[in-house]
1. Express in nm, to one decimal, how much length is gained between E181 and L376 on full extension, taking 0.36 nm for each residue of separation and deducting their alpha carbon distance.
2. Provide the gained length on full extension for the span E248 to E72, in nm with one decimal, where the gain is 0.36 nm per separating residue minus the Cα-Cα distance.
3. Place a point 7 Å from the Cα of H52 along the Cα-to-Cβ direction; which residues of the stretch 102-128 have their backbone N under 20 Å from it?
4. Compute, for V141, the solvent-accessible surface of its heavy atoms (probe 1.4 Å) with the complete set of protein chains present, and express it in square angstrom to the nearest 10.
5. Not counting ligands, DNA or RNA, and with a 1.4 Å probe, what is K88's accessible surface area in Å² rounded to the nearest 10?
6. Can you tell me how the stretch 105-187 classifies by the Cα gyration tensor, rounded, prolate or oblate, using a/c under 1.5 as the rounded cut?
7. Report, to the nearest whole %, how much of the accessible area of the stretch 258-334 belongs to carbon and sulfur atoms, 1.4 Å probe, protein only.
8. Considering the options A285, M136, W184, tell which one lies farthest towards the positive end of the dipole of the chain, charges being +1 on Lys and Arg and -1 on Asp and Glu at the Cβ, about the Cα centre.
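The values are calculated or read from the model by the stated rules, or taken from the named source; none is laboratory data. Quantities reported herein were computed from a predicted structural model and do not represent experimental measurements. Counting neighbours? That spans all protein chains shown, and the Cβs are built from the backbone with ideal geometry, glycine included. Ligands, DNA and RNA are excluded from the accessible area calculation, which covers all protein heavy atoms including side chains. Shrake-Rupley method; radii C 1.70, N 1.55, O 1.52, S 1.80 Å.
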Amino acid sequence: MNGRSTITHCQPRFDMRFSIFLFLALAGCGAPGEPQPPSPPVPSPIADLAAHQQGNGVRLIFTLPGRTAGGERLSEPPAVEIFRGTVKSNGSADHKTFKLVYTIPGALADVYETQGKIQFTDPIAPEDLRAHPGSMYAYRVRTRASKKMDSADSNTVTQKLYPVADRIASLNAQVTQAAIELSWPVPSFETTAGTNETISGYHIYRGEIDSAAAPSTNDLSQAKWKSPPILLAPSQSNSYRDTLFEFEKKYAYQVRSVIIADGNPIESDDSVPAIVTPHDTFPPAAPQNLVAAEIPGANNTVAVDLSWSINPETDLAGYYVYRTEKQGDRGELLAADLLLSPAYHDSAVQAGHKYWYSVTAVDRAGNESALSEQILADLTQPLP
């Protein structure tokens, strides 16, 4: 009995000690350790990389990622790393040859952004293009939101390059009432033996610049665009008339020559720009076909009704009417406000006098035309 009682009494003490040990062990496992640094954000890979030849270089176009590979929003634009490689004889990219050739800091991404996409040109030496026409280049890009880790590779693109004409070194712009007339010298084009490319024409580009932030020189790198340059029109000759302009807007024009290689048009580099702000200093044409009719009134009074042909200008604001009793003089202005229709009733005349009338047209810029031909209203003769 005594031995049995001892064993029974000791068992709870053993269980309690084991429970305390197990609790402390579990508590130790759950205690916080050293703080771990957060994983660096990794941007999602670019999947829409595209390329085409632009002058003596390759224009790369892609969308900058705004989220991480895990779907979280990036707090700022990532840096861009551009890799260039060669192409194997079978037309595929040689992955072993890719090398980092450019890095665009994230803070400068907006400098290269146009219509929501990054556009960057990798320049290739013109002498290399002339020495090896039709050479192939391969590209891929990565982005990086931290120094520790970059994104996965983008899709790979390849581009064949050909020599192009020299950059057009000067661009003249002359403002007329109906058009901005552009002209430029024919650029030189050094062809390579065994090739038959020639200049097939020109592409004219036009953009509108914010006048309040317009560059003081022809350097467009600092221009603030109201609308970026787009293709305005092609031209077969080294001149072009832009009839689609508006007065008082600030335009930047650039011209690229075009060659045809492998059946595809290839543009040269941009010409020197021409920055133009056309001012409307051009008056309308003088009104035509002015006629006067003497109208009898009550109590021996008389009046003169004038009419003339409508002016064709689209920016016409109205007309002024002048009267004089001395032929050849301009005379006095009969109405301070512009007349909106080509007619006027003059009741401030007297019988027994001769009056010469003339009319001018005025546009919305305030330009006044020359006088129309004078017309005589002879009130010295009795009315029929």
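1. Details: separation 195, 0.36 × 195 = 70.20 nm, distance 4.19 nm.
Full extension from E181 to L376 adds 66.0 nm.
2. Once the chain is fully extended between E248 and E72, it gains 58.7 nm.
3. From the stretch 102-128, the list is 112-124.
4. 0
5. 100
6. Numbers: a/c = 3.41, a/b = 1.55, b/c = 2.20.
Taking the square roots of the gyration eigenvalues as a ≥ b ≥ c, the stretch 105-187 is oblate.
7. On the way: 1930 of 3950 Å².
Carbon and sulfur together cover 49 percent of it.
8. Ranked along the dipole, the leading option is M136.
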